[in-house]
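Chemist: Structure below; questions to follow.
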Amino acid sequence: MFKLALEFVRRFARNRAALVGLVLVIVVVGVALAAPWMFPRNPLRIVGRPEIWPFVNLRYPLGTDSLGRDIAAMIAYGARTTLLIGLCASLTATLIGITIGATASYFGGWIDEMLMRFTELFQTIPNLIFVLTIVSILGQKIEYVTIAVGIVTWTPIARLTRAEFMSLRDREFVQACRAMGMGNLRIMVGEILPNALPPVIVLSSLVIAGAVLFESAVSFLGLGDPNVSSWGRLIGDGRTLIRTAWYICAVPGLAIMLTVLALNLVGDGLNDALNPKLRDR
(Lines give C-alpha, C1' and ligand atoms only; values in the text may rest on other atoms or scores of the structure.)
Protein backbone atom coordinates (compact mmCIF):
# COMPACT_ATOMS: atom_id res chain seq x y z
CA MET A 1 0.00 0.00 0.00
CA PHE A 2 2.83 2.39 0.87
CA LYS A 3 4.56 1.67 -2.44
CA LEU A 4 1.32 2.34 -4.34
CA ALA A 5 0.84 5.64 -2.52
CA LEU A 6 4.45 6.62 -3.21
CA GLU A 7 4.07 5.77 -6.89
CA PHE A 8 0.85 7.81 -7.05
CA VAL A 9 2.59 10.84 -5.51
CA ARG A 10 5.51 10.48 -7.92
CA ARG A 11 3.23 10.40 -10.97
CA PHE A 12 1.16 13.30 -9.67
CA ALA A 13 4.30 15.36 -9.02
CA ARG A 14 5.34 15.04 -12.66
CA ASN A 15 2.59 17.49 -13.55
CA ARG A 16 3.89 20.85 -12.34
CA ALA A 17 0.62 22.61 -13.18
CA ALA A 18 -1.18 20.12 -10.93
CA LEU A 19 1.23 20.94 -8.10
CA VAL A 20 0.47 24.65 -8.53
CA GLY A 21 -3.24 23.84 -8.45
CA LEU A 22 -2.76 21.75 -5.31
CA VAL A 23 -0.97 24.62 -3.58
CA LEU A 24 -3.82 26.99 -4.48
CA VAL A 25 -6.40 24.51 -3.18
CA ILE A 26 -4.45 24.14 0.08
CA VAL A 27 -4.37 27.94 0.44
CA VAL A 28 -8.14 28.20 -0.10
CA VAL A 29 -8.79 25.38 2.37
CA GLY A 30 -6.44 27.01 4.88
CA VAL A 31 -8.23 30.36 4.59
CA ALA A 32 -11.60 28.62 4.99
CA LEU A 33 -10.48 26.75 8.12
CA ALA A 34 -8.82 29.80 9.66
CA ALA A 35 -11.74 32.18 8.97
CA PRO A 36 -13.23 32.01 12.52
CA TRP A 37 -9.82 32.85 14.03
CA MET A 38 -8.94 35.61 11.56
CA PHE A 39 -12.42 37.19 11.71
CA PRO A 40 -14.17 36.06 14.91
CA ARG A 41 -17.24 38.26 14.38
CA ASN A 42 -20.08 37.97 11.91
CA PRO A 43 -18.65 38.70 8.42
CA LEU A 44 -21.96 40.24 7.33
CA ARG A 45 -21.90 42.98 9.96
CA ILE A 46 -21.11 46.61 9.05
CA VAL A 47 -17.63 47.55 10.24
CA GLY A 48 -16.89 50.91 8.60
CA ARG A 49 -17.88 53.41 5.98
CA PRO A 50 -18.91 52.05 2.57
CA GLU A 51 -16.57 51.64 -0.41
CA ILE A 52 -13.19 51.83 1.25
CA TRP A 53 -10.75 50.79 -1.47
CA PRO A 54 -8.29 47.93 -0.89
CA PHE A 55 -5.02 48.73 0.91
CA VAL A 56 -6.24 52.19 1.95
CA ASN A 57 -7.09 51.14 5.51
CA LEU A 58 -4.97 48.37 7.05
CA ARG A 59 -7.92 47.24 9.17
CA TYR A 60 -9.72 46.30 5.95
CA PRO A 61 -6.97 45.12 3.57
CA LEU A 62 -9.42 44.27 0.78
CA GLY A 63 -11.68 47.24 1.43
CA THR A 64 -15.37 47.39 2.26
CA ASP A 65 -18.43 46.88 0.10
CA SER A 66 -21.37 49.19 -0.57
CA LEU A 67 -22.77 48.58 2.93
CA GLY A 68 -19.50 48.94 4.79
CA ARG A 69 -18.82 45.22 5.34
CA ASP A 70 -15.27 43.86 5.42
CA ILE A 71 -14.58 42.18 2.06
CA ALA A 72 -11.65 40.17 3.47
CA ALA A 73 -13.94 38.60 6.09
CA MET A 74 -16.58 37.85 3.47
CA ILE A 75 -13.96 36.26 1.19
CA ALA A 76 -12.67 34.05 4.02
CA TYR A 77 -16.12 32.88 5.09
CA GLY A 78 -17.20 32.64 1.45
CA ALA A 79 -14.42 30.10 0.94
CA ARG A 80 -16.07 27.92 3.60
CA THR A 81 -19.42 28.17 1.83
CA THR A 82 -17.94 27.50 -1.60
CA LEU A 83 -15.90 24.47 -0.55
CA LEU A 84 -18.72 23.00 1.53
CA ILE A 85 -21.21 23.21 -1.32
CA GLY A 86 -18.64 21.99 -3.85
CA LEU A 87 -17.60 18.93 -1.83
CA CYS A 88 -21.11 17.95 -0.72
CA ALA A 89 -22.58 18.47 -4.18
CA SER A 90 -19.78 16.42 -5.74
CA LEU A 91 -20.35 13.62 -3.22
CA THR A 92 -24.09 13.68 -3.93
CA ALA A 93 -23.53 13.62 -7.70
CA THR A 94 -20.97 10.81 -7.38
CA LEU A 95 -23.27 8.61 -5.31
CA ILE A 96 -26.19 9.13 -7.69
CA GLY A 97 -24.04 8.69 -10.81
CA ILE A 98 -22.29 5.54 -9.60
CA THR A 99 -25.56 3.95 -8.49
CA ILE A 100 -27.36 4.60 -11.77
CA GLY A 101 -24.39 3.89 -14.05
CA ALA A 102 -23.37 0.69 -12.29
CA THR A 103 -26.93 -0.67 -12.14
CA ALA A 104 -27.60 0.11 -15.80
CA SER A 105 -24.41 -1.51 -17.06
CA TYR A 106 -24.37 -4.58 -14.81
CA PHE A 107 -27.93 -5.71 -15.41
CA GLY A 108 -28.32 -4.40 -18.97
CA GLY A 109 -31.51 -5.00 -20.96
CA TRP A 110 -34.58 -2.96 -20.16
CA ILE A 111 -33.01 -1.68 -16.93
CA ASP A 112 -30.13 -0.18 -18.91
CA GLU A 113 -32.50 1.36 -21.44
CA MET A 114 -34.74 2.86 -18.79
CA LEU A 115 -31.92 4.34 -16.71
CA MET A 116 -30.05 5.73 -19.72
CA ARG A 117 -33.20 7.38 -21.09
CA PHE A 118 -33.70 8.86 -17.62
CA THR A 119 -30.12 10.16 -17.71
CA GLU A 120 -30.61 11.65 -21.17
CA LEU A 121 -33.77 13.37 -19.93
CA PHE A 122 -31.72 15.16 -17.29
CA GLN A 123 -29.12 16.12 -19.88
CA THR A 124 -31.71 17.88 -22.03
CA ILE A 125 -32.61 20.30 -19.23
CA PRO A 126 -30.37 23.42 -18.94
CA ASN A 127 -28.45 22.87 -15.73
CA LEU A 128 -28.54 26.42 -14.40
CA ILE A 129 -32.27 26.78 -15.02
CA PHE A 130 -32.86 23.45 -13.29
CA VAL A 131 -30.80 24.54 -10.26
CA LEU A 132 -32.68 27.84 -10.05
CA THR A 133 -36.01 26.03 -10.28
CA ILE A 134 -35.14 23.60 -7.49
CA VAL A 135 -33.86 26.38 -5.21
CA SER A 136 -36.94 28.49 -5.93
CA ILE A 137 -39.22 25.58 -4.95
CA LEU A 138 -37.33 24.21 -1.92
CA GLY A 139 -35.95 27.49 -0.55
CA GLN A 140 -32.70 29.43 -0.37
CA LYS A 141 -31.00 27.50 2.43
CA ILE A 142 -27.48 26.25 1.80
CA GLU A 143 -28.64 22.63 2.11
CA TYR A 144 -31.13 23.04 -0.72
CA VAL A 145 -28.55 24.76 -2.93
CA THR A 146 -26.18 21.82 -2.35
CA ILE A 147 -28.87 19.27 -3.20
CA ALA A 148 -29.85 21.19 -6.32
CA VAL A 149 -26.27 21.37 -7.60
CA GLY A 150 -25.72 17.68 -6.87
CA ILE A 151 -28.88 16.67 -8.73
CA VAL A 152 -27.87 18.42 -11.97
CA THR A 153 -24.21 17.27 -12.07
CA TRP A 154 -24.50 13.47 -11.76
CA THR A 155 -25.15 12.59 -15.42
CA PRO A 156 -21.51 12.60 -16.68
CA ILE A 157 -20.50 10.39 -13.73
CA ALA A 158 -23.32 7.96 -14.51
CA ARG A 159 -22.29 7.62 -18.16
CA LEU A 160 -18.62 7.18 -17.27
CA THR A 161 -19.42 4.58 -14.60
CA ARG A 162 -21.60 2.69 -17.08
CA ALA A 163 -18.78 2.63 -19.63
CA GLU A 164 -16.26 1.40 -17.06
CA PHE A 165 -18.60 -1.32 -15.78
CA MET A 166 -19.30 -2.49 -19.34
CA SER A 167 -15.58 -3.00 -19.91
CA LEU A 168 -15.22 -4.98 -16.67
CA ARG A 169 -18.43 -6.94 -16.15
CA ASP A 170 -17.40 -9.87 -18.43
CA ARG A 171 -13.79 -10.14 -17.26
CA GLU A 172 -12.48 -13.45 -15.92
CA PHE A 173 -12.40 -12.34 -12.29
CA VAL A 174 -16.08 -11.33 -12.45
CA GLN A 175 -17.04 -14.66 -14.02
CA ALA A 176 -15.07 -16.43 -11.29
CA CYS A 177 -17.03 -14.51 -8.66
CA ARG A 178 -20.30 -15.57 -10.25
CA ALA A 179 -19.12 -19.18 -10.36
CA MET A 180 -18.35 -18.98 -6.63
CA GLY A 181 -21.95 -17.93 -5.98
CA MET A 182 -21.34 -14.31 -5.00
CA GLY A 183 -24.40 -12.04 -5.05
CA ASN A 184 -24.80 -9.26 -7.59
CA LEU A 185 -24.42 -6.47 -5.04
CA ARG A 186 -21.22 -7.97 -3.64
CA ILE A 187 -19.73 -8.35 -7.12
CA MET A 188 -20.68 -4.79 -8.11
CA VAL A 189 -19.45 -3.08 -4.95
CA GLY A 190 -16.60 -5.33 -3.91
CA GLU A 191 -15.10 -6.45 -7.21
CA ILE A 192 -16.01 -4.22 -10.15
CA LEU A 193 -16.37 -0.81 -8.50
CA PRO A 194 -12.80 -0.62 -7.09
CA ASN A 195 -11.44 -1.20 -10.61
CA ALA A 196 -13.79 1.40 -12.11
CA LEU A 197 -13.19 4.13 -9.53
CA PRO A 198 -9.99 5.91 -10.76
CA PRO A 199 -11.56 7.74 -13.74
CA VAL A 200 -14.70 8.40 -11.69
CA ILE A 201 -12.60 10.05 -8.96
CA VAL A 202 -11.00 12.30 -11.57
CA LEU A 203 -14.39 13.36 -12.93
CA SER A 204 -15.71 13.93 -9.41
CA SER A 205 -12.88 16.37 -8.74
CA LEU A 206 -13.92 18.31 -11.83
CA VAL A 207 -17.54 18.27 -10.66
CA ILE A 208 -16.41 20.23 -7.59
CA ALA A 209 -15.21 23.02 -9.87
CA GLY A 210 -18.54 23.02 -11.70
CA ALA A 211 -20.41 23.09 -8.39
CA VAL A 212 -18.44 26.18 -7.35
CA LEU A 213 -19.57 27.96 -10.51
CA PHE A 214 -23.20 26.89 -10.04
CA GLU A 215 -23.22 28.11 -6.44
CA SER A 216 -21.69 31.41 -7.50
CA ALA A 217 -24.30 31.85 -10.24
CA VAL A 218 -27.18 31.08 -7.86
CA SER A 219 -25.86 33.53 -5.25
CA PHE A 220 -25.15 36.16 -7.90
CA LEU A 221 -28.82 36.04 -8.93
CA GLY A 222 -29.91 36.53 -5.32
CA LEU A 223 -31.16 32.98 -4.69
CA GLY A 224 -28.39 31.87 -2.35
CA ASP A 225 -28.67 31.58 1.42
CA PRO A 226 -28.90 35.19 2.72
CA ASN A 227 -27.51 34.15 6.11
CA VAL A 228 -24.09 33.06 4.86
CA SER A 229 -21.27 34.85 3.08
CA SER A 230 -20.78 33.86 -0.56
CA TRP A 231 -18.43 34.95 -3.33
CA GLY A 232 -21.22 34.99 -5.90
CA ARG A 233 -23.45 37.06 -3.63
CA LEU A 234 -20.66 39.60 -3.14
CA ILE A 235 -20.31 39.95 -6.90
CA GLY A 236 -24.06 40.36 -7.22
CA ASP A 237 -24.14 43.08 -4.56
CA GLY A 238 -21.33 44.99 -6.26
CA ARG A 239 -22.46 44.76 -9.88
CA THR A 240 -24.38 48.06 -9.66
CA LEU A 241 -21.19 49.83 -8.58
CA ILE A 242 -18.88 48.32 -11.15
CA ARG A 243 -18.11 51.74 -12.67
CA THR A 244 -17.14 53.42 -9.39
CA ALA A 245 -16.06 50.53 -7.12
CA TRP A 246 -15.12 47.69 -9.48
CA TYR A 247 -12.95 46.02 -6.83
CA ILE A 248 -16.10 44.76 -5.05
CA CYS A 249 -16.73 42.45 -8.01
CA ALA A 250 -13.09 41.90 -8.96
CA VAL A 251 -11.86 40.48 -5.64
CA PRO A 252 -14.44 37.64 -5.29
CA GLY A 253 -14.32 37.10 -9.05
CA LEU A 254 -10.57 36.51 -8.82
CA ALA A 255 -11.13 34.11 -5.91
CA ILE A 256 -13.65 32.12 -7.96
CA MET A 257 -11.36 32.06 -11.01
CA LEU A 258 -8.32 30.86 -9.06
CA THR A 259 -10.30 28.22 -7.14
CA VAL A 260 -11.92 26.75 -10.26
CA LEU A 261 -8.60 26.83 -12.11
CA ALA A 262 -6.85 25.09 -9.22
CA LEU A 263 -9.48 22.36 -9.03
CA ASN A 264 -9.22 21.71 -12.75
CA LEU A 265 -5.42 21.53 -12.55
CA VAL A 266 -5.66 19.05 -9.68
CA GLY A 267 -8.14 17.02 -11.73
CA ASP A 268 -5.65 16.87 -14.60
CA GLY A 269 -2.96 15.73 -12.19
CA LEU A 270 -5.20 13.00 -10.81
CA ASN A 271 -5.92 11.86 -14.35
CA ASP A 272 -2.19 11.60 -15.07
CA ALA A 273 -1.59 9.69 -11.84
CA LEU A 274 -4.56 7.30 -11.97
CA ASN A 275 -4.90 6.66 -15.71
CA PRO A 276 -2.79 3.57 -16.52
CA LYS A 277 -2.53 4.63 -20.18
CA LEU A 278 -0.64 7.78 -19.15
CA ARG A 279 1.70 6.31 -16.53
CA ASP A 280 4.61 5.80 -18.89
CA ARG A 281 4.14 8.99 -20.90
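The values are calculated or read from the model by the stated rules, or taken from the named source; none is laboratory data. From a predicted model like this one, the values you see are computed outputs, not experimental measurements. Counting neighbours? That spans all protein chains shown, and the Cβs are built from the backbone with ideal geometry, glycine included. Calculation scope for accessible area: heavy atoms of the full protein, side chains included, ligands and nucleic acids excluded. Shrake-Rupley method; radii C 1.70, N 1.55, O 1.52, S 1.80 Å.
Chemist: On average, how much accessible surface per residue is there in segment 177-269, in Å², for a 1.4 Å probe, leaving out ligands, DNA and RNA? Show your work: numbers first, answer last.
Modeler: Values: 4160 Å² over 93 residues.
Per-residue value: 45 Å².
Chemist: Tell me, what are the semi-axes, in whole angstrom and largest first, of the equivalent ellipsoid of the chain as set by the roots of 5 times the Cα gyration tensor eigenvalues?
Modeler: Values: eigenvalues 341, 104, 39 Å².
Working through the eigenvalues yields semi-axes of 41, 23, 14 Å.
Chemist: Leaving out ligands and nucleic acids, and using a 1.4 Å probe, what accessible area per residue does segment 1-155 come to in Å²?
Modeler: On the way: 8660 Å² over 155 residues.
On a per-residue basis, segment 1-155 sits at 56 Å².
Chemist: Now for a separate question. Shape call for segment 146-281 from the C-alpha gyration tensor, a ≥ b ≥ c root eigenvalues: rounded (a/c under 1.5), prolate (a/b greater than b/c) or oblate? Don't skip to the answer; put the middle values down first.
Modeler: On the way: a/c = 4.96, a/b = 2.42, b/c = 2.05.
Prolate.
Chemist: Can I ask one more? So if each residue of separation counts as 0.36 nm, and I subtract the Cα-Cα distance between Trp110 and Arg41, what length gain in nm does that give?
Modeler: 19.2 nm
Chemist: If you stretched the chain out fully between Arg178 and Thr133, how much longer would it get, using 0.36 nm times the residue separation minus the C-alpha to C-alpha distance?
Modeler: Values: separation 45, 0.36 × 45 = 16.20 nm, distance 4.45 nm.
Contour length minus the Cα-Cα distance gives 11.8 nm.
Chemist: Report, in deg cm²/dmol and to the nearest 500, the calculated mean residue ellipticity at 222 nm for the chain, where each DSSP H run with n ≥ 4 adds -39500 (n - 2.57) and the sum is divided by the residue count.
Modeler: Details: 11 runs with 196 residues, N = 281.
Helix contribution divided over all residues of the chain: -23500 deg cm²/dmol.
Chemist: On to the next question. Please compute the Kirkwood hydrodynamic radius over segment 1-149, one decimal place, Å, based on all pairs of different Cα atoms. Display every interim value, and only then the final one.
Modeler: On the way: mean 1/r = 0.0513 Å⁻¹.
Hydrodynamic radius (Kirkwood, Cα only) of segment 1-149 equals 19.5 Å.
Chemist: Please work out the C-alpha center-to-center distance from segment 200-245 to segment 31-71 and express it in whole Å.
Modeler: Comparing the Cα centres of segment 200-245 and segment 31-71, I get a distance of 19 Å.
Chemist: What FRET efficiency would be calculated for the residue pair Ala13, Met166, taking the C-beta separation as r and a Förster radius of 22 Å, to the nearest 0.05? Working shown, then result.
Modeler: Values: r = 33 Å, r/R0 = 1.49.
The calculated FRET efficiency here is 0.10.
Chemist: Next up: With Rg and the Kirkwood Rh both taken from Cα atoms, where does Rg over Rh land for segment 5-69? Don't skip to the answer; put the middle values down first.
Modeler: Working: Rg = 18.1 Å, Rh = 14.7 Å.
Computed over Cα atoms, the ratio is 1.24.
Chemist: With the contact rule set at Cα under 8 Å and sequence spacing of 6 or more, what percent relative contact order holds for the chain? Could the numbers behind the result be given before it?
Modeler: On the way: 404 pairs, mean separation 74.8, N = 281.
Relative contact order of the chain: 27 percent.
Chemist: Could you work out what % of the accessible surface of the chain is carbon and sulfur, using a 1.4 angstrom probe and leaving DNA, RNA and ligands out of the count?
Modeler: On the way: 10000 of 14930 Å².
Within the chain, the accessible surface is 67 percent carbon and sulfur.
Chemist: Rounding to the nearest 10 and keeping the result within 0 to 90°, find how far the Cα-based axis of helix 127-138 lies from the longest principal axis of the chain.
Modeler: 70 degrees
Chemist: Once phi is turned into ³J(HN,Hα) by the Karplus curve 6.51 cos²θ - 1.76 cosθ + 1.60 with θ = phi - 60°, what whole-Hz value does each residue of segment 47-61 show in order, with x for glycine and proline?
Modeler: Taking θ as phi minus 60°, the curve returns 10, x, 6, x, 6, 7, 6, x, 6, 7, 10, 5, 5, 10, x Hz for segment 47-61.
Chemist: Per-residue counts of other Cβ atoms within 10 Å, averaged by peptide: what ranking do you get for 140-150, 176-186, highest first? Don't jump to the answer; show the numbers that get you there.
Modeler: Working: 140-150: 20.6, 176-186: 11.1.
Averaged packing, sorted descending, gives the order 140-150, 176-186.
Chemist: Would you mind classifying segment 64-132 by shape? Square roots of the alpha carbon gyration tensor eigenvalues, ordered a ≥ b ≥ c; an a/c under 1.5 is rounded, otherwise it is prolate if a/b is larger than b/c and oblate if not. Walk me through the intermediate numbers first.
Modeler: Working: a/c = 8.79, a/b = 2.73, b/c = 3.22.
It is oblate, given that a/c is not under 1.5 and a/b is not larger than b/c.
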